1. Do you know which of the residues in the range 127-155 that are part of a helix (DSSP H, G or I) and free of Cβ contacts under 8 Å to residues at least 40 places away in the same chain is farthest from Lys92 (Cα to Cα)?
2. Failed condition for Glu97, given (1) surrounded by 14 or more Cβ atoms within 10 Å (Cβ to Cβ); (2) within 23 Å of Ser148 (Cα to Cα); (3) touching an Asp or Glu at 6+ places or on another chain (Cβ under 7 Å), with all others met?
3. Determine which single condition Arg146 fails, assuming it passes every other condition in (1) closer than 26 Å to Lys19 by Cβ; (2) more than 15 Å from the chain's Cα centre (by Cα); (3) not hydrophobic (A, V, I, L, M, F, W, C).
4. Scan the range 20-51 for residues that are surrounded by fewer than 16 Cβ atoms within 10 Å (Cβ to Cβ) and at pLDDT below 90 and jot them down.
5. Yes or no: the range 156-164 includes at least one residue that is surrounded by fewer than 16 Cβ atoms within 10 Å (Cβ to Cβ) and free of Cβ contacts under 8 Å to residues at least 40 places away in the same chain.
6. Is it true that some residue in the range 72-79 is in contact with a Leu (Cβ under 9 Å, 6 or more places away or on another chain) and either β-branched (Val, Ile, Thr) or without any contact (Cβ under 8 Å) to a residue 40 or more places away in the chain (or both)?
7. How many residues are surrounded by fewer than 20 Cβ atoms within 10 Å (Cβ to Cβ) and more than 12 Å from the chain's Cα centre (by Cα) if we restrict to the range 74-90?
8. If Leu102 satisfies every condition in (1) surrounded by fewer than 18 Cβ atoms within 10 Å (Cβ to Cβ); (2) in contact (Cβ under 8 Å) with a residue 12 or more places away in the chain; (3) closer than 27 Å to Ser160 by Cα but one, which is the exception?
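The values are calculated or read from the model by the stated rules, or taken from the named source; none is laboratory data. What you see is a predicted model, and the numbers here were worked out from it, not measured in a lab. FYI the Cβ positions are ideal-geometry reconstructions off the backbone, even for glycines, and counts take in every protein chain you see.
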Amino acid sequence: MASGIKVADEVRVVFNNMKIRKAHSAEDKNKRKKAVMFCMSKDKRKIVLEDGNEMLLGDIGTTVQDPYQHFVDMLPADECRYALYDATYETKETTKEELVFLFWAPDSASPSCKTIYASSLDAIKKEFSGLKHKWQVNGLEDIKDRRSLAEKLGGAEVVSLEGCPIGG
């Protein structure tokens with residue numbers, strides 16, 4: 001079911017910037033987005049970047065100690081969102097960074113909120129070409145343990161996520 005909702009140009013720009021990961025200086029790197037939230041515009045006609053709900057790489061170690069926990073805390077309790085999270089993890093062989101697209105649809109969200117976000121999901125996914133990891137989450141119990149994301153990224157091969165060991 002298509003909703004007819006469009007994706008704002010700023011959403012494409014943010015995705016492309018996160019995907020490319022170019023940083024020419026330390027200042028550029030600090031301004032790079034680690035996580036962003038997307039929501040419906042007030043008129044419910046577009047998917048837009050949610051003002052003020054992002055995490056920058058420069059925040060890590062200053063205002064943000066645990067990037068994954070901070071990302072989880074960014075999710076609203078009773079509303080749906082789309083999100084991009086730039087996960088840093090280690091496998092037994094190497095360190096990797098990969099983008100994860102999240103469709104957050106908590107059980108506590110209203111039926112109308114869930115319907116409009118679910119029916120608009122294809123529109124935003126079409127804009128995010130080349131993403132390997134797509135994850136629908138329906139509650140904090142599904143996301144608060146970093147092992148859940150580690151499983152999506154590579155299962156048993158993942159030994160740490162954001163510098164924290166994954167326990168077995």
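1. Applying the filter and picking the extreme gives Glu141.
2. So Glu97 meets the others, but not (1).
3. With (1) closer than 26 Å to Lys19 by Cβ; (2) more than 15 Å from the chain's Cα centre (by Cα); (3) not hydrophobic (A, V, I, L, M, F, W, C) applied to Arg146, the lone miss is (2).
4. Within the range 20-51, Ile20, Arg21, Lys22, Ala23, His24, Ser25, Ala26, Glu27, Asp28, Lys29, Asn30, Lys31 meet the criteria.
5. There is at least one residue in the range 156-164 that is surrounded by fewer than 16 Cβ atoms within 10 Å (Cβ to Cβ) and free of Cβ contacts under 8 Å to residues at least 40 places away in the same chain.
6. yes
7. The total comes to 6.
8. Every listed condition holds for Leu102 apart from (1).
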